[in-house]
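Taking it in order: structure first as structure tokens, then the write-up.
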Amino acid sequence: MPALTQDSQVALPYLTEKAHVKTYDNGYTFVFVPKAGDVFNVSTWVRTGSIHEDEVINGISHFLEHLLFKGTERFKPGEFDKKMESMGAIINAATWKDFTFYYVTGPKGTGDNFDTALDMHADMMLCSTIPDAEVGPQYDPFDPDYSGEKRERSVVIEEIGMREDQPWTKVYNSVNNMMYPDGHPYQRDVIGTRKIIGEVPRKSIVDYYRKWYSPQNMTTIVVGDFDVAELEAKVLKHFDFSKLPKTDAKPMYKFALGQDADTLRYEEIPGDYQTSFLIIGYHGPSPSHLKDTIALDIVNNILGESRNARLIQALIEKPEKPVYNYIGSGQSTYKLGNAFYIQGNFNTPDIKDAIEKVFAEVDKLLVTQPITEDEFQRAVKKMKVNFAETSETASGIAETIGECLTVVGDLGQYVDYLPTLEALTLADVLDVANRYLSRDKAYTSVLVANQK
Amino acid sequence: MLPTQEKLTILQQTLNNGSLLLFKHLPTAPRLSMVFCLPGGNVSDSIPGITDIVDRLLMKGTTTKNQEQIAIAIDSLTLDIDIDTKRDFSVISATLLEEDLEESLAIIADLFYNALPEKTLEQELEREKEKFGGEILMELDSPKNRASDLLSRTMFHQLPYGVVSSVVFESLPDIVSPEQVRQHYQGLYQTGKMVIAVTGNMQESRLVKALESYFPKRKEPALTINPAVVKRLEDLRLTESEYVTYAKDDSSQAHIFKGWLGPDVHDEDYYALTLMNTILGSGGLSSRLFIELRDKQGLAYNVRSSLDCVKHKGAFSIYIGTEPSNKDKCLKGFIDECDKLINIPVADKELSDAKRNLLGKRSIFLETGPQICGYIATNYVMGKTIKDIEELPARIEAVTSADIQRVAEKYLGAKQNHVISIAGPSAIL
């Protein structure tokens, strides 16, 4: 049994009981959030995603995520899915830039649903065999005559095809490509390319699995109605890393926070579409800089998120003829620096004018019509209520904690969110808006409607 | 053992305005959730999409506030409001903190009784049509959405359940009369047949008092749904199988839907069909389509089936997004899997697993106040009762493998006409 190195109890907003956060001498972290109700959630977050990939293995984190559902020594491929779903549980996983996570949300039921889920989930995380037959043979995905077997490799290539048919994904990838310098892991699409997925050998995937799925890179979170001592014993029994080969791989970040690419700032992508899709990206603060991150959330609420948001009012609601079909904004939390995006969809063939109108609204917010005290107070109130929503479901709580611990590195963003929000002033918010959203810091990409 | 009976402990009370209140006390819920369901929806459309336009105009101005003032009033409270148009009803969903109950109801009541004044319609009707049209074009820029849209409009022809985005887009120029739009609003937004579901931690007496005070009976006549339209929906049959396509040459995948008409939500076959759907393709990673077409053949990332039974009719469909050259293989896979359901009894273990899958997920999908409100209110407005909701687990448990075979033959059998809708490169269509 690993020894505890840290054991703390943390009060989380809108929850009646404190969360238990435990770290052990092998580096593994376990979090338990007591929550009454008929639903439990168990998830494990791994501190790897496309952040640890290069151009040779781009997409391997996500491919591995698929392959972890393909069996262990104890459970054959598909058995986990069948067993979990036959008790009414929802199972899935997700891979993003900084993390990969796997979860089971299930009904407590009257039997041993949770024990079974924990056992099989832990076995999958630690002991997946990644069978050759499930990975499928390597092949050239551009060869129209290929008639060999198609297995999970092809499933991921189909997922790439699905994303290629999503206009927002196309324009998002284009913006990322400009925002980060060549070689930066955030520049690449998390899913990888057809060529890499078609050709990456199984051995590379297994090596990657063994390198990163180690105790110091993993956090397991359980939300539900359990006794903490019993639960901890069960979790440590199933997450027994002692028989696994040791690896000291720790996240290493080659690039500085929000490092700029100082080349292209604007790109137009031709497309066979009836409307044009626009994304403007800006580098944001480090996610560990809670004050700036929340201040930028407030700017986001006022600029593009709330019902009365400035971009919505100015570009959709107030003009005699709406300029945009849709417009909104959002802040994404990334380990190497957050990103702030404005995204919009429009019909007009005058692309430059449509884009200029967005910049003009951002300029107003920064210079000519700064955020008012009323706007600021309304945004703060709305954000408090929005925050309550994440505490209503077992999966919502687990995801907030998982992202905090994996991306930011501690629970500060969750625990201190409300007090930090309440302590912010209008001046703080204006300062952040001016530091991050000036016109010269924007990267703009448009998927242009077919003008025929 | 799964519970076959469950008590929902929901208070039912008819308010003095004729509305039915369904209240579930949730002592630990951080927010109040409210859902106002108004019978009507697209089935009440005099012009396809007019209900959508009415619902969209609701927050564009009342006799007391313009659009911006409404938005500011909502943003000033802990209130969040969504308004949506469904095929059989419109729905206002709200979440709020208990402290804002009365002020929030005042805003919702203002939208309910005082929206769409002459001035607003003059200023906003054409703009809203323009906005709605733009949003539809954006939505239909996804080839998957285009194929889905084409499937429904073909299956339901000119009937209200076929009022999908492309149909609304074509009808928008016909919605020109402000008076017609206002009358539609006044006829729809009535308390008489409204169902209000509320969850949260508050005193029932305060809730009833507030609702009765803010929502009096309306003096304008209620809109009646054309019984001939309902009859045509109920009697609808596909007279032939159809193959419809949308060419998009830069599409990476072929987006393939195959659909059949099904029964309404009250039909006895509903329960067996629901289980059949779980087994075939809605049950998650262990469904037959997922295992056969995705896991074993690597044909797709996304493959699934859907059952959509509403008040007067239903539909069943299968979807796959695949590399275009796989089209024929996928269509054959659909036939093979349907044939298996028809010809081979579902094994006892697979059937019992599907029942537990379906019933177990209910507690996850009904974890929060908004989810519970939406579920009970929509069931009620479609004519179900608390008893029906409570008995659902027992009805699912009672389904046999012979029932699955029977409904598979009845709805998906070789004699049943179907629609295949594909969006993708023209070379494979």
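The values are calculated or read from the model by the stated rules, or taken from the named source; none is laboratory data. The model shown is predicted, which means the values in this text are computed figures rather than measured ones. Note that each Cβ is placed from the backbone with ideal geometry, even for glycine, and that neighbours are counted across all protein chains shown.
Residues of segment B:163-197 that are small (Gly, Ala, Ser) and surrounded by fewer than 21 Cβ atoms within 10 Å (Cβ to Cβ): B:Ser166, B:Ser171, B:Ser177, B:Gly187, B:Gly192.
B:Arg56 falls short on exactly one of the conditions (1) among the charged types (D, E, K, R); (2) touching a helix residue (DSSP H, G or I) at 6+ places or on another chain (Cβ under 6 Å); (3) buried (at least 22 other Cβ atoms within 10 Å of the Cβ), and that condition is (3).
The requirement of being assigned to a helix (DSSP H, G or I), facing another protein chain (nearest Cβ under 8 Å) and in contact with a helix residue (DSSP H, G or I) (Cβ under 8 Å, 6 or more places away or on another chain) is fulfilled somewhere in segment B:293-307, by at least one residue.
Within segment B:204-231, the residues that satisfy the criterion of being part of a helix (DSSP H, G or I), farther than 27 Å from B:Glu102 by Cβ and touching a residue at least 60 places away in the same chain (Cβ under 8 Å) are B:Val229, B:Val230. Filtered by the rule that a residue be under 26 Å from the mean Cα position of the chain (by Cα) and among the aromatic types (Phe, Trp, Tyr), segment A:138-187 gives A:Trp168, A:Tyr172, A:Tyr180, A:Tyr186.
Hey, any hits in segment A:340-347 for a residue that's within 14 Å of chain B (Cβ to nearest Cβ), modelled with pLDDT under 95 and either surrounded by fewer than 16 Cβ atoms within 10 Å (Cβ to Cβ) or more than 25 Å from A:Tyr172 (Cβ to Cβ) (or both)? No: zero hits.
Residues are listed down the side, and each one gets a yes or a no for (1) in contact with a strand residue (DSSP E or B) (Cβ under 7 Å, 6 or more places away or on another chain); (2) not in a loop (DSSP other than H, G, I, E, B):
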position: B:Phe316; (1), (2): yes, yes
position: B:Gly321; (1), (2): yes, yes
position: B:Lys327; (1), (2): yes, yes
position: B:Cys330; (1), (2): yes, yes
position: B:Asp336; (1), (2): no, yes
position: B:Gly360; (1), (2): yes, yes
position: B:Ile372; (1), (2): yes, yes
position: B:Lys384; (1), (2): no, no
position: B:Ile389; (1), (2): no, yes
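Among the residues examined, B:Gly283 qualifies as surrounded by 24 or more Cβ atoms within 10 Å (Cβ to Cβ), within 13 Å of chain A (Cβ to nearest Cβ) and under 21 Å from the mean Cα position of the chain (by Cα).
Being at the interface with chain A (Cβ under 9 Å from one of its Cβ atoms), of a type in the set (Val, Ile, Thr) and without any contact (Cβ under 8 Å) to a residue 60 or more places away in the chain is a property that B:Ile83 lacks.
None of A:Phe40, A:Phe114, A:Phe80 is over 23 Å from A:Pro131 (Cα atoms), within 14 Å of chain B (Cβ to nearest Cβ), in a helix (DSSP H, G or I) and modelled with pLDDT of 95 or more except A:Phe114.
Would you check which residues across segment B:52-80 are assigned to a helix (DSSP H, G or I) and more than 14 Å from chain A (Cβ to nearest Cβ) and list them? Even if it seems obvious, please write down each step before you answer.
In the first step, residues of segment B:52-80 are kept if they are assigned to a helix (DSSP H, G or I); the result is B:52-57, B:67-76.
Result: B:Asp52, B:Ile53, B:Val54, B:Asp55.
Within the span defined as segment A:118-129, every residue fails to be outside any helix (DSSP H, G or I), within 14 Å of chain B (Cβ to nearest Cβ), in contact with a strand residue (DSSP E or B) (Cβ under 8 Å, 6 or more places away or on another chain) and surrounded by 22 or more Cβ atoms within 10 Å (Cβ to Cβ). Only one of the numbered conditions (1) within 14 Å of chain B (Cβ to nearest Cβ); (2) in a strand (DSSP E or B) is violated by A:Val21, and that is (1). Only one of the numbered conditions (1) assigned to a helix (DSSP H, G or I); (2) modelled with pLDDT of 95 or more is violated by B:Thr191, and that is (1). Within segment A:141-168, residues that are closer than 15 Å to A:Glu65 by Cα and in contact (Cβ under 8 Å) with a residue 24 or more places away in the chain have Cβ atoms under 7 Å from residues that are of a type in the set (Ser, Thr, Tyr) and buried (at least 20 other Cβ atoms within 10 Å of the Cβ) in these pairs: A:Val155/B:Tyr301; A:Glu159/B:Tyr301, counting only partners at least 6 apart in sequence or on another chain. Could you tell me whether B:Ile107 is under 25 Å from B:Leu172 (Cβ atoms), more than 25 Å from the chain's Cα centre (by Cα) and buried (at least 22 other Cβ atoms within 10 Å of the Cβ)? No, not satisfied. Among the residues of segment B:287-295, none qualifies, meaning not one is among the aliphatic types (A, V, I, L, M) and in contact (Cβ under 8 Å) with a residue 60 or more places away in the chain.
Here A:Val135 clears all of (1) more than 24 Å from the chain's Cα centre (by Cα); (2) without any contact (Cβ under 8 Å) to a residue 12 or more places away in the chain except the condition numbered (2). Checked against (1) buried (at least 18 other Cβ atoms within 10 Å of the Cβ); (2) touching a residue at least 40 places away in the same chain (Cβ under 8 Å); (3) assigned to a helix (DSSP H, G or I), A:Val223 passes all but condition (3). Checking each residue in segment A:378-419 for being away from chain B (no Cβ under 14 Å) and part of a loop (DSSP other than H, G, I, E, B) picks out A:Gly409, A:Asp410, A:Leu411, A:Asp416. Exactly one residue among B:Leu140, B:Leu116 is surrounded by 21 or more Cβ atoms within 10 Å (Cβ to Cβ), farther than 30 Å from A:Phe277 by Cβ, at pLDDT 95 or above and out of contact with any strand residue (DSSP E or B) (no Cβ under 6 Å at 6 or more places or on another chain), and that residue is B:Leu116.
Residues in segment B:203-230 that are over 21 Å from B:Tyr185 (Cα atoms) and exposed (fewer than 12 other Cβ atoms within 10 Å of the Cβ): B:Gln203, B:Ser205, B:Ala228. Restricting attention to segment A:207-226, does a residue exist that is out of contact with any Gly (no Cβ under 7 Å at 6 or more places or on another chain), away from chain B (no Cβ under 12 Å), farther than 20 Å from A:Phe69 by Cβ and aliphatic (A, V, I, L, M)? Looking through segment A:207-226, at least one residue is out of contact with any Gly (no Cβ under 7 Å at 6 or more places or on another chain), away from chain B (no Cβ under 12 Å), farther than 20 Å from A:Phe69 by Cβ and aliphatic (A, V, I, L, M).
Would you pick out the residues in segment B:242-260 that are closer than 17 Å to A:Glu158 by Cβ and either under 25 Å from the mean Cα position of the chain (by Cα) or part of a strand (DSSP E or B) (or both)? Those that are closer than 17 Å to A:Glu158 by Cβ and either under 25 Å from the mean Cα position of the chain (by Cα) or part of a strand (DSSP E or B) (or both): B:Ala254, B:His255, B:Ile256, B:Phe257.
Cβ-Cβ distances below 8 Å connect the following pairs, each with a first residue in segment A:407-421 that is under 22 Å from A:Arg47 (Cβ atoms), a second residue that is at pLDDT below 90 and crowded, with 16+ Cβ neighbours inside 10 Å, and a separation of six or more residues or different chains: A:Tyr414/A:Pro13; A:Val415/A:Pro13; A:Tyr417/A:Pro13; A:Tyr417/A:Phe387. No other residue among A:Thr105, A:Thr72, A:Thr100, A:Thr95 is within 24 Å of B:Leu359 (Cβ to Cβ), at pLDDT 95 or above and in contact with a strand residue (DSSP E or B) (Cβ under 9 Å, 6 or more places away or on another chain) apart from A:Thr105.
Give the residue, chosen from A:Glu375, A:Glu320, that is within 14 Å of chain B (Cβ to nearest Cβ) and within 28 Å of B:Leu96 (Cα to Cα).
Numbers: A:Glu320 fails: within 28 Å of B:Leu96 (Cα to Cα).
Matching residue, one of A:Glu375, A:Glu320: A:Glu375.
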